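Let me begin by presenting the structure, written as structure tokens, before commenting on it.
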Amino acid sequence: MKMIQSNCRAQFCAEDIDFIISVLGPKVGTAECLVKLLADEDSRDLILDDEALLHALLERRGCLRVSSRFYFYILVRHVFRRSDLQDRAVADYVAEVLAEFARAERAACLLPGARNPLDYFVDMLAALQTADDRTSFFVRVHIGNHSLFLSGVFPDRIRFRSETRGFPDLRYFEGIGRTQFRMASDHRLAQRYDVARVLSTLAERFETTRLALNDISDRLFSLGDPNVPVDSLLNPAGAKP
């Protein structure tokens, strides 16, 4: 199982730099100058907070030649700021969750030695009963991430299935996500992977975070449609045409 960390901002590509230059122009100078600015955390974060980048992502039509990590970080960071979620590390982590979970195969919970992934929370929770200490940490983080992704991106689908089929409602997703994030934040591995503060914040402010993601989903209807893959919104660097 892959450990998601707050590292979107460290994985931007050449197309992202070209996009920033095309939007901000004289503010950032040449590509060489921009690379140097992005290497400095303070100047990088100030550049990425520029509202013009958000507007360009929302207003430009056709496929965007940017990486999914850049795309999600800009959207998440700006929406989170409006929800008083000011910690950039939290925005970075959630953007990485979206970038990973946007591809179905990366959202799978596959335990070490298992052939098939666990598809349901009830199975993941059951697996915690016999999992070793390390595996338990990864499973708890995955449950938190998955519950945030589902309730943040697909709230209408959850409401519909809850009202018509008796499936768990949004409160269930919030409860299970909050609990697992809290337990994971207290684990020794949270310190090792430098995610303890992020996981603790997500546990404390799960509903606020979820509602902020709902705002993104509402603005970008196709993101909230499970039949429209995120890849169709982007032309990520390195992707095959």
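The values are calculated or read from the model by the stated rules, or taken from the named source; none is laboratory data. Treat the numbers as computed from the prediction; the structure is a model and nothing was measured. Virtual Cβ from ideal backbone geometry, glycine too; neighbours counted across all protein chains shown. Please note that ligands, DNA and RNA were not included when accessible areas were found on the heavy atoms of the full protein model with its side chains. Shrake-Rupley method; radii C 1.70, N 1.55, O 1.52, S 1.80 Å.
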Quiz prompt | When residues of region 37-49 are limited to those that are at pLDDT below 90 and surrounded by 14 or more Cβ atoms within 10 Å (Cβ to Cβ), the one nearest to residue 92 (Cα to Cα) | solution = 38
Practice problem: Considering each of 139, 122, 90, 94 in turn, give the residue that is touching a strand residue (DSSP E or B) at 6+ places or on another chain (Cβ under 8 Å) and either at pLDDT 95 or above or part of a helix (DSSP H, G or I) (or both). | Solution: 139
Quiz prompt | Enumeration of residues in region 157-175 that are open to solvent by 80 Å² or more (accessible area, probe 1.4 Å) and outside any helix (DSSP H, G or I) | solution = 167
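If you check residue 211 against the conditions, is it of a type in the set (A, V, I, L, M), open to solvent by less than 10 Å² (accessible area, probe 1.4 Å) and modelled with pLDDT of 80 or more? Steps first, answer last, please.
Numbers: of a type in the set (A, V, I, L, M): yes; open to solvent by less than 10 Å² (accessible area, probe 1.4 Å): no; modelled with pLDDT of 80 or more: yes.
For residue 211, the condition - of a type in the set (A, V, I, L, M), open to solvent by less than 10 Å² (accessible area, probe 1.4 Å) and modelled with pLDDT of 80 or more - is not met.
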Quiz item: What residue, among those in region 176-202 that are in contact (Cβ under 8 Å) with a residue 40 or more places away in the chain and small (Gly, Ala, Ser), is surrounded by the fewest Cβ atoms within 10 Å (Cβ to Cβ)?
Solution: 190
Self-check item: Tally, over region 50-72, of residues that are closer than 23 Å to residue 210 by Cα, free of Cβ contacts under 8 Å to residues at least 40 places away in the same chain and open to solvent by 20 Å² or more (accessible area, probe 1.4 Å)
Solution: 2
Quiz item: So is residue 130 more than 29 Å from residue 75 (Cα to Cα) and in a helix (DSSP H, G or I) or not?
Solution: no
Self-check item: Per-region count, region 203-223, residues touching a residue at least 40 places away in the same chain (Cβ under 8 Å) and of a type outside the set (A, V, I, L, M)
Solution: 9
Quiz item: Of the conditions (1) more than 21 Å from the chain's Cα centre (by Cα); (2) aliphatic (A, V, I, L, M); (3) open to solvent by less than 10 Å² (accessible area, probe 1.4 Å), residue 75 fails just one. Which one is it?
Solution: (1)
Self-check item: Residue check, residue 107 of a type in the set (Gly, Ala, Ser), under 19 Å from residue 211 (Cβ atoms) and open to solvent by less than 20 Å² (accessible area, probe 1.4 Å)
Solution: no
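Out of everything in region 139-156 that is more than 14 Å from the chain's Cα centre (by Cα) and open to solvent by 20 Å² or more (accessible area, probe 1.4 Å), what residue ends up being nearest to residue 208 (Cα to Cα)? Break it down stepwise before answering.
Step one: filter region 139-156 for residues more than 14 Å from the chain's Cα centre (by Cα), giving 139-140, 155-156.
Among the residues that remain, those that are also open to solvent by 20 Å² or more (accessible area, probe 1.4 Å) are: 140, 156.
On the way: 140: 20, 156: 17 Å.
The selected residue is 156.
Test of understanding: among 74, 17, 21, which residue is β-branched (Val, Ile, Thr), at pLDDT 95 or above and farther than 30 Å from residue 131 by Cβ?
Working: 17 fails: at pLDDT 95 or above; 21 fails: at pLDDT 95 or above.
Step by step, each of 74, 17, 21 is checked, and only 74 is β-branched (Val, Ile, Thr), at pLDDT 95 or above and farther than 30 Å from residue 131 by Cβ.
With open to solvent by less than 10 Å² (accessible area, probe 1.4 Å) and not basic (Lys, Arg) as the only criterion, which of 114, 95, 89 stands out?
Values: 114 fails: open to solvent by less than 10 Å² (accessible area, probe 1.4 Å); 89 fails: open to solvent by less than 10 Å² (accessible area, probe 1.4 Å).
Only one candidate qualifies: 95.
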